[in-house]
Every structure is written in C-alpha cells, then in structure tokens.
1. Taking chain A as a Gaussian network, Cα atoms linked when under 10 Å apart, which of A:L151, A:L114, A:L139 shows the biggest mean-square fluctuation?
2. Which of rounded, prolate or oblate describes chain B when judged by the alpha-carbon gyration tensor and an a/c cut-off of 1.5?
3. Efficiency by 1/(1 + (r/R0)^6): what FRET value for B:T68 and B:D167, r their Cβ-Cβ distance, R0 = 30 Å, to the nearest 0.05?
4. What share of the DSSP beta bridges in chain B is antiparallel, in percent to the nearest 5?
5. Roughly how many debye, to the nearest 20, is the charge dipole of chain A about its Cα centre, given +1 on each Lys and Arg Cβ, -1 on each Asp and Glu Cβ, and no other charges?
6. Taking a threshold of 29 Å on the Cα-Cα distance, which of the pairs A:K144/B:K69; A:K144/B:K169; A:K144/B:K75; B:K40/B:K187; B:K9/B:K75; A:K123/B:K69 fall above it?
7. Select from chain A the helices, each a whole stretch of DSSP H, whose alpha-carbon atoms run 24 Å or more along the helix axis and whose Kyte-Doolittle mean is at least -0.5; answer none if there are none.
8. Which of the peptides B:168-180, B:121-133 is most tightly packed, and how do the rest follow, going by the mean number of other Cβ atoms within 10 Å of each residue?
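The values are calculated or read from the model by the stated rules, or taken from the named source; none is laboratory data. The shown structure was predicted, so the numbers you read here are calculated from the model rather than taken from an experiment. Cβ sites come from the backbone with ideal geometry, for glycine too, and all protein chains shown count toward neighbours. Accessible surface is based on the protein model in full, side chains and every heavy atom, while ligands, DNA and RNA are left aside. Shrake-Rupley method; radii C 1.70, N 1.55, O 1.52, S 1.80 Å.
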Amino acid sequence: MAVRALPAGSGIWGSAAGLILAAGLVLVLAAASIFIGVADMSVGALMEGGENGRALQLLFVSRIPRTLAIVLSGMSMGVAAIIMQMLFRNRFVEPTTTGTVEAASLGLLATALLAPALPIFSKMLVAALFALAATFLFLRFVAKIPSSASLIVPLLGLMFGGVINAVTTFLAYRYDLLQSLAAWTNGDFSSVLRGRYELLWIAGLLAALSYLAADRFTVAGLGEAFTRNLGLNYGRILAFGLCIVSLVAAAAVVTAGAVPFFGLIVANVVRMMVGDNLRRALPWVALSGAAFLLACDIAGRTLRFPYEIPVGTVVGVLGSAIFLYLLLRRRARFG
Amino acid sequence: MIEIAGVSKTYEDETVLDDVSLVLPESGITAIVGPNGAGKSTLLSIIARLITPSAGAVRVDGLDVQKTKSDVLAKRLAILRQVNHVGMRLTVEELVTFGRFPHCGSRPTAEDERHVREAIAYLGLEALSGRFLDELSGGQRQRAFVAMVLAQDTNYVLLDEPLNSLDMKHAAAMMKLLRRAADTFGKSIVVVVHDINFASIYADRIVAMRDGRVVLEGTSDTFMREAVLRDIYDTHIDVREVDGHRLGLHYL
Ligand SMILES: Nc1ncnc2c1ncn2[C@@H]1O[C@H](COP(=O)(O)OP(=O)(O)OP(=O)(O)O)[C@@H](O)[C@H]1O
Ligand SMILES: [Mg+2]
C-alpha cells in the first residue's frame, strides 16, 4: 500500500518547493549575518589571513557562533510558541506571555545563588524544571477560565510572569545579580562566543524532534474530547509538549536570552498563511523563525552602524508591523 | 453491544444521571430524546469515556470503557459532542483525515484516503474539501465534523445533536445517511435528537430520558403517543399518522 503524508494544502504553502525557497533565504541571511559587522570580514581579508589570521579567528570564535545561535533560537522559539498555542488552545500564548521564561530565569538565579559551581548544563535543567512547573500551573489555572475569554489568557500570563519576575528581581537585587538577569530575558546575540551558545543546539534538536509529534499536537489543538475520541493520551501529549517548551525556554535563558513576543509573532503569521496543521506549519515556523530573527539582527546591526539596536527592539517594531498588516488585511480564499 | 450498568453521575450534590441501565444493540439506529438537561449528553460522554461516571460501568463489546486502552476503543466507538469549539485552521480534508488516526496514525494509506474521500462525499462536502473550517458556515462545519467521525469507521457511532444548525434538506439527508450507514454497514448509531419526528421516522429504537433517568425504551409506536409525550415534555403534542409515520405537531 502506498504510504503518503497527510493532505498538503494549496499552492506554495504546501509544496516542498516553497520550503526549499525559505531554506535558501535562511542560508542567504545567515551568510549576510556572518559577513556584516564592525570588524572587516570580507572574503579577501579571510584569504589574506590578516595579522596572524585574526579575521579567520573572529569568524570561528564569534561570527559563526553568533549566526548559529540566532538560527537555533529563531527556530526553537517559534516552534515552542506554536506548540504552546496548540496546548493552550490560544493564539496569544508563547513562552514570554505565560511566565515560562520568567520561571526559567528564577530557576537560573536559584542555581547562581545556591549552587554556583554547577555545570551550565545542569543549571539549564534546573531552569527548565522551574519553567515546566510554572507553565503547568498556569495551564491548570487557565483550564478553569471559559474559552471565550481568549485575550484574558495572555494578560493573566503576563501578570503571572510579572509576579515571578518581581521575586527574581528582588533576589537578584539583594545578591547583586541584576545585570545577569537583564541578559536572560532580553535576547542579545552580540556577546555570543564559541563555548557560550552550544546549549542552543539542544533547543534546536528538540524543535526538530517535535515534528515527530506534529499530528498529536494538532489533535490536541482540537481539544481534549477530540483527542480522547481518537484514542490518544491527552495528558501525555501535554507533558511532551510542555517539556519541549520548558527546555527551549531554559536553553534560551542560559545562553543568549529569550526575545519577548518573538515566537508569538512568527507562529501567528505562519498560522495565518499556512493554517494550523502542524505537520505543514512546523517546518514553516522553524524556517521563518530563523529567517526573521536573522533579518532583525542584521537590521539591528546595520541601521545605526557602528552601534547596535537590541534585537528585541527590532523584533518588537518589525514584528508588530507585519502582524498588524496581516491582521487588518482582509483575506478571502476560495477553495 | 453497549451495556450501561447502573451508571450515575453527580456534580457536587446535583445528580444528573441516576442509576441508568440500558443495552444498546450491535446495529441499528437508537435515538435518545428528552427535554433540555435530561442528561443525554452526559450519558453519551460517559459511554465514550470522556466523562468518568460516579457509579456504574459501561462495556462496549464486553470492554469496560474506563479500563480499556483508549486507542483500542477508538477503533470501535466514535463520538461527536454537541458543542465543538474548534478554532483551528484546518481544511475539511485535513480534519476528516484525522478521523483515520486510530487506524493509521500519521501515515494514511490509500485505504485510509479512500475512507476520507467517501466520508467527504457522503456528507456532500467535495466542493468544500480544501476550505479551512473557519471559512465554512455553521451547518457545513457540522457536516465536516460528522464526516470526520464517520471516517473513523467504528461500529458504534455516537452523535450528540448532529442536526444542529442544519437546514431542512440537510437534516433529512443526514438522517437518511445514518439510516444507510446502519442498513448497509450494520453500524450501531446512537443519536441525540430534539425533533421527535426524526426519531419517529428514522430510528429503530427510541430511548427517552428525563431528570437523569431513562423513562421509556421502545419504538415509535410506544413513544409517539400524546400521553407519553406529555409525561416526558410536560406539554401537549398532537400526534397524527401520515403515510404510516407517527408525527407530532409540536409547532402548535
Ligand atoms: N460540568 C457540569 N457541572 C455541573 N452540572 C453539569 C455539568 N455538566 C452538565 N451538568 C448538568 O447536568 C444536567 C444534564 O446535562 P446534559 O448536558 O447531559 O443535558 P442534555 O440532556 O444533553 O440537555 P440538552 O438537550 O440541553 O443538550 C444539566 O442539568 C446540566 O446543568
Ligand atoms: Mg445535550
């Protein structure tokens, strides 16, 4: 019997060609990201070897790691957001609107205070546990709110995150760690170096792994009754999804920091264009997350050259503009 | 055979199902009727293991629904609930394909695709199969959900008010389709309807509920009587015989 994938959507959004095009765009942007910067990084300079190969060293120690960090963060934050949106059945959630990232920061602060000698990988796991606990609590709480109040959910989530953040800030203030705290929750890739971003590979891998459960997440998005009717274990899907989301948030926090609202924007734009079948949408979310974050980072580095605009600011401005445009544009489709 | 044995459901101190015992056969159409709040939806959800009963048990082909693995049951029994808040942008075809999940997981075979096509055709949704659910009318969406449940191809199909938001033509077509599924494929279809005339014309058995109890189990002949209807609905309904069907004139 011929084994085929679930029905593809119409036009470019369902086709492999579209995805290959998007992947090409990511590669082009990644190349641009590597070669744009304060220090001279022309191909010529690389070939010359410069003063004892300084350009080459810069490339491998700073430029490539930075670009990789952006690609991995962009992919995984987008994927984490769309998974959360399925599990919460709400379009406005993502790790920074549900207290997930804030809880991860609290966890990281706890390790910095109580067990500063822990290896960074263990610190990330502790941060992920905090994130998981907070997200799960919030999900349980949200389940008691009628579904019609969909905008209430992110508002409550922001408040919940604010409360966690207040605790974290208070502790950080007392123990003089405020500066690190700011870096955890506001994505900044300018200080990414080799040896300081590698945990993001875990986030990237998890994002890729989530594709295996794409159909399950989509079914979960249809609701608990649909899920159980189809013989699936709703609790298990929930647990799997929340683990991915928490680990992605924790990996972001311990490396370059999470970018507020980034995943929310990417996931919503993709859902508007491609639909909500995660089997189709997940690759798009991963690729457009990488492309969008690369573009924002490049813009932030070139607009006020030689100064940098924080990537979070660019994401906020560009992202909300794109989002509003798509929201307001009347879309009519005829099947 | 679905055996419902002494099933009760209480919320806090309110009893919404009170010791219901009932046997639903392996094939044919069973209509469940009764006033609002009688417990019809609760009973259906308990049969389909979506709600845990406070007491009693339900067995489907001898399998206790609370103890049997969910994926095993999903091949025998499918349910469509009364209200389905689905805010997902899936196409009709994608939704119906998910109905095949218990059989094929994420890898539909040619056989699964045939089931999907047939279910879509059954519900007259061919022209809409590429549309997103949020681009359909309420009745079209309802038909898409029914198509999904039929694509699941289970012997037992529980439909909670499938005629909701269907126009007259599509409501009658839906009942005829269920009739055909029962007659041709020997399925057992349990359907909650409010229009007693649909129950009277299309159902093999009628189960009437009131206040969390089964008050009558019988055929159109035993159910469609003015005295019986008054007891169940607290209102007078003229019953007339038209072309061999007993019809209630509940508009008057
Ligand atoms: N989660 C719940 N908590 C408390 N009471 C509930 C709950 N769900 C249902 N009920 C009550 O149980 C009773 C039966 O509800 P059910 O939905 O089974 O009725 P129904 O026969 O399907 O009615 P309708 O024809 O209006 O759909 C109602 O009185 C309802 O208020
Ligand atoms: Mg009901």
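1. A:L114
2. The shape class here is oblate.
3. Values: r = 39 Å, r/R0 = 1.28.
Using R0 = 30 Å, I get an efficiency of 0.20.
4. Percent antiparallel among DSSP bridges in chain B is about 60.
5. 1000
6. A:K144/B:K169; A:K144/B:K75; A:K123/B:K69
7. A:16-35, A:64-88, A:120-142, A:152-174, A:234-254, A:278-302, A:311-328
8. Numbers: B:168-180: 16.3, B:121-133: 17.8.
Going from most to least packed, we get B:121-133, B:168-180.
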